[in-house]
Structures are given as structure tokens and as C-alpha cells.
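Below is one structure, written out as C-alpha cells, with a few remarks after it.
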Amino acid sequence: MAEITKTAEWRALENHFKDIKNSHMRDLFMSDPERFDKNHLQLNDFLFDFSKNRITDETKKLLIALAEKAGLQDWRGRLFSGEKINFTENRAALHIALRNRANKPIKVDGEDVMPLVNHELSKIRKLSEEIRSGVWKGFSGKKIKSIVNIGIGGSDLGPSMVCDALRPFGSEDISPYFVSNVDAADLSQTLEKCDPETTLFIVASKTFSTQETMTNAFSARDWFIKKAKNNEFIKNHFVAISSNEKAAEDFGIHAENVFVLWDWVGGRYSMWSSIGLSIAIFIGMENFEQILEGGYEADNHFISAPLEENIPVMMALIGIWYINFFNFSTFAVLPYDHCLAKLPSYLQQADMESNGKFIGRDNKKVCQKTGPILWGEAGTNGQHAFYQLLHQGTQITPCDFIMPLHSNYKLADDKNDHHKILQANFIAQTQSLMIGKSISDVENEMKNEIMDNPSLKNLVSHRIFEGNRPSNSILFESLSPKSLGRLIAIYEHKIFTQGIIWNINSFDQWGVEYGKQIAKLVLPKLESKQHSETFDSSTNNLINYINNNT
Ligand code: G6Q
């Protein structure tokens, strides 16, 4: 395919941008009472309102034409058929197989992967049921009360985010903990809350070689053996999730306690696999399967809905409109549900690790910007921190506001109506970002004050809001395993769609690998306290400073 920025479809969008860039959404709403009707989509109880964006019917038409030009429909089919679209690692990207609830065969190298997926699911079911029911016992005969997932990045963020989000569905008898950072503080603070007799460690590492995870796993094993005093007991307290079964067994984990992952499951797309073991233990297998059902619902929608009615596709296209034409480089995820506080971090990895790339599938440098800087925070907390910049900053950040209609939490005497207040703030923010506040509104508001003190007129400009700041609103019935699965899968497909249009491989992560590689070169210098002359003067001096002062 021709470089996307050289296509007629891209040029048409550039021309259209010149026409529309100064239009104000306030006017677009005024001139079209049906703007919401025309600019929202629904997938069962999932409502995606994209009417508060700087788009017209023409914008949508031109963006859809761009997606078609990029061959999105074809690529969508290639993703779902198990083709090795992650060509730099010669791998398929088959997270959709993990939630393929219809069990339709999906082949990689001629082999149907569904029997493998189903086998792992049955292992997850068995272990999670045994732990929850107390059939699985610790070395001294006690039930497991704490599960500690030791993993980082894709082997941590998903399960950690989901266990927080679905806490109301979790067992009251089991506490899930997540240790990711190699900083000893992380493991120490977790172990303080655990008892070796009642703790199960899940060492989650696809490669089983990640420095942080292995260091934490060895330290956890030492902590455990100190109390258990017998290596034999490791089998009651350590399980592994890895595609490197041999390394897991060499660590001392019994073969039957190793859950497998395949090279076609990318780390940041792995919460649907055995990496979700901690989720299944905490919320139960039926609920874990509901997460998969939600993902499957999103998959069916993505693969079959026409592009203009396709939620992930429209999300992706609107994102491209801002990143590539308006030149807005950042994007905020703002969940109005406290349990989704970790969602921005989760999506930050999903998006930035997938699409933070400058080399195209044609091995050349891309000619347009790719993934945005994704950040965010739960509402309403963010309102009292960074929303000032969202309203009046010089950079514009498109936002996704996300909220369930019903909260999973009700205080015993809920006369203070917490959830209505949360909802009111959600609506107020999206509305005010869009509409702004004009000079005449401010003058009107300050009329009496200015009458008393005319010098206050100078302050009018400070209270003006330009508005025209875009956002999507996402509403759904309640935060349940199924709705969460659907939400995550929708974002995965949004990211995929953008990657296709930008002509990049969304499924490798050489930047992560580079970090792992460099750390291994530096560590020996610190361990041996050897004077460093290998690197640049800053790096050498930092190493030598640490060595001289520790
Ligand atoms: C995810 C990335 C990365 C990875 C971690 C952990 O897509 O590849 O975040 O998940 O570096 O890797 P391991 O699971 O191999 O320990």
C-alpha cells in the first residue's frame, strides 16, 4: 500500500481539516438538534457517545474512506484468522482465541489452538476451585488466604487492574496482591501482610527471565523456605505462568503447577489467558469466564459491524483525526468509577507499547505521528488536579469519560447519594469542556462585582473558557466481569485499528526489550563496584557516583 499520508484519502482529510478546524462544537450542536442521534453507537448496554467531537458527517465519511484505503477489513480478517501479523517476531496475535467462546477452530501453523486454550482454561478452573474451596492446602494444612502475583508489565497490569475493578465480586477469604517492582519495598510491603503457611505465589512471566520478576520470585522463595524449611513444600505454594516451562521447573515449580502461555499471546494482551489466574482465583471461574464473554461480544462486534457502526473503529478514527490532523498529542482516560482507578495505567501500556513506534510495516520511518501519550486518573479526583489544563491549557487533550450507570457500592445509609454526585460531575465536565464560557457570559456573571469595583473588568479574560475541547462519553449498566471484558477488548481493537492505519506492527515491543538489555550491562558494574569507563561520561559518572557512595 502507498504511504498513507500520500493517499488521496489522507489529502481529502487535510483539506477538510482546513474547512473545519475553526468550527465550534457549540455551533454544531446548535445547528443540528439530531447531533447526538447521529453520533452515538450502542452495543447492548454499552453506549458510546462521540457527538462532542470536532467532526461533521463529512469528517466521518472521509475517515471511513481512510480506514478502507488502509485495508482495515482485510487486516481485521488476518488478525482473527491467526495469521502471523506480528512479523518482526514471526508470531500471530491471537488474544481473540483466548475468548473465542464459540470454540470455532483457529489455526496457527496448521494447528487448531482451541484445544490448547480449553485445556488451560480447565486447569485454571481446577486450581481456582481448589483454592477457593480450601481443597488446596498449604504445607501446614491451612487454607490459602493470600495470593501474590509476581510479574511485571503485561504479566501484572491486567490482573491487578481487574482484581481492583471487580473487588465486589471477589472472595472475602482471599486477598490478592501484586508485586511488580524490583524495588524491595514492593515485595517487603506485601510480605508483611502475608503468612507463608497460607500464601500462594503465582510467578507470572512469559519468558521466565525478566530480571525484576525473577529477583522477586527468588526472594519470595527464600522468605517461604525460611519458614517452611523444606523445598518439597514449594509445590503447595508456588505456581508459574510461562511459555518457558523448563525455566519454571528449574526454578523449583512442579510440572503440574506450570500454566502455559503461547508465543501468540502478547504480554499486554494476556489477561485473558492463564495470566488471569489470580483473577479467576479471586472472583471465581464463572466470573472469569464472564470477562471472556464480554471480550467475545466486543470481538463479534468488531469483526462484523460496518465500519461506520463499529465502536472501536470510530474510536480509532476520531483518535487519528486529532493526532494527525489537529496535532493533539495526548489523550486522557477518565473513569468515573473508583474501582477503575488502574484503568488509565492499563490502557497506557496497551496503547503506548502497541503504537508507540516510528518504523512502519514497510521497514521505513512513518511519515505521520503514531500513538498518543495516554494518561488519566479516576474522576472526580482528577478534577481537583489536572482538569485546569484540560479546560484552559494551551494544549488540547481529547478525553474518554467512562462511567457505569450503577455503582457496585452503596453505603449503608446512602442518603448522600454519592453516585448521583459522581454522575453529575461526569456530565458537567463533558459539557463544559465542549461549550466553554464566552466573554459575555463572564461579564454577565461578574456584572455586580464590576459595578462595585470597575478594575475587576481586567479579570474577565481569566474566567473565559474557549470550550471546543473534545471528549467521548462511554456509559454502561454496571461494572461487571462481562462489561469490563467488553470495555477492554473494545480498546484493544481501537488500538489495532489505529496501528493498521499508521501501517505499524502493534504487537512487538523492541523498546521494552532494549530496556531489559541495557540493565543487564549496567548491573555487573554496580555489583562489582567496578570503575566504569564503558559508557558516555554522564552514565559512567552516575555509576561511579553510586559505587563511591554506597
Ligand atoms: C508486554 C510487554 C511487557 C512484558 C513484561 C513482562 O506486552 O512485552 O510489558 O509483559 O516485560 O515480561 P515477562 O512476562 O516475559 O516477564
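The values are calculated or read from the model by the stated rules, or taken from the named source; none is laboratory data. Please read all numbers here as calculations on a predicted model, not as lab measurements. Ideal geometry is used to build each Cβ from the backbone, glycine not excepted, and the neighbour counts take in all protein chains shown. Surface areas here come from the heavy atoms of the whole protein model, side chains and all, with no ligands, DNA or RNA. Shrake-Rupley method; radii C 1.70, N 1.55, O 1.52, S 1.80 Å.
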- Hits in region 506-548 - residues which are under 30 Å from Arg91 (Cβ atoms) and not in a helix (DSSP H, G or I): Ser506, Phe507, Asp508, Gln509
- Message: Just to be sure I understand, how many residues within region 260-286 are buried (at least 21 other Cβ atoms within 10 Å of the Cβ) and not in a loop (DSSP other than H, G, I, E, B)?
- Response: 13
- Note on the structure: Residue hits (region 444-494; at pLDDT 95 or above, hydroxyl-bearing (Ser, Thr, Tyr) and over 30 Å from Gly170 (Cβ atoms)) are Ser461, Ser471
- Note on the structure: When restricted to Ser133, Ser128, Ser155, Ser171, the only residue in contact (Cβ under 8 Å) with a residue 12 or more places away in the chain, open to solvent by 10 Å² or more (accessible area, probe 1.4 Å) and more than 28 Å from Ser354 (Cβ to Cβ) is Ser171
- Query: So Lys410 clears everything in (1) open to solvent by 70 Å² or more (accessible area, probe 1.4 Å); (2) at pLDDT 95 or above; (3) over 26 Å from the mean Cα position of the chain (by Cα) except one condition, right? Which one?
  - Reply: (2)
- Given the structure, is Ile427 without any contact (Cβ under 8 Å) to a residue 60 or more places away in the chain, of a type in the set (Val, Ile, Thr) and within 21 Å of Gly376 (Cα to Cα)? yes
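Every residue, every condition in (1) acidic (Asp, Glu); (2) in a helix (DSSP H, G or I); (3) within 16 Å of the ligand (Cβ to nearest atom); (4) farther than 30 Å from Tyr177 by Cβ, yes or no:
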| position | (1), (2), (3), (4) |
| --- | --- |
| Lys104 | no, no, no, yes |
| Leu127 | no, yes, no, no |
| Glu130 | yes, yes, no, no |
| Gly141 | no, no, no, no |
- For region 453-472, does any single residue satisfy the condition of being closer than 21 Å to Leu47 by Cβ, open to solvent by 40 Å² or more (accessible area, probe 1.4 Å) and away from the ligand (no atom under 16 Å from the Cβ)? no
- State which residue pairs qualify: first residue farther than 16 Å from Glu83 by Cβ and inside region 499-525, second residue within 15 Å of the ligand (Cβ to nearest atom) and outside any helix (DSSP H, G or I) in any location, beta carbons under 6 Å apart, and separation of 6 or more residues or different chains. Ile504/Lys357
- Could you list all residues from region 433-452 that are in a helix (DSSP H, G or I) and open to solvent by 40 Å² or more (accessible area, probe 1.4 Å)? Ile435, Ile439, Ser440, Asp441, Glu443, Asn444, Glu445, Lys447, Asn448, Glu449, Met451, Asp452
- Message: Residue pairs, Cβ under 6 Å, 6 or more apart or interchain, first in region 184-208 and closer than 13 Å to Ser219 by Cβ, second at pLDDT below 95 and buried (at least 18 other Cβ atoms within 10 Å of the Cβ). List them.
- Response: none
- Task: Please note which helices (runs of 4 or more DSSP H) are completely contained in region 1-74 and include at least 1 residues that are of a type in the set (Phe, Trp, Tyr).
- Result: 8-20, 25-31, 35-38
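Yes/no per residue for (1) away from the ligand (no atom under 16 Å from the Cβ); (2) in contact with a strand residue (DSSP E or B) (Cβ under 7 Å, 6 or more places away or on another chain); (3) over 22 Å from Tyr491 (Cα atoms):
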| site | (1), (2), (3) |
| --- | --- |
| Lys235 | yes, no, yes |
| Ser242 | no, yes, yes |
| Ala247 | no, no, yes |
| Glu256 | yes, no, yes |
| Ile275 | no, yes, no |
| Asn300 | yes, no, no |
| Pro306 | yes, no, no |
| Met314 | yes, yes, no |
- Message: On the basis of being away from the ligand (no atom under 16 Å from the Cβ), of a type in the set (S, T, N, Q), open to solvent by 30 Å² or more (accessible area, probe 1.4 Å) and not in a strand (DSSP E or B), does Ser209 make the cut?
- Response: no
- When you go through Lys69, Lys38, Lys84 one by one, which is the residue that is open to solvent by 60 Å² or more (accessible area, probe 1.4 Å), in contact with a Ser or Thr (Cβ under 9 Å, 6 or more places away or on another chain), within 30 Å of Gly266 (Cβ to Cβ) and not hydrophobic (A, V, I, L, M, F, W, C)? Lys69
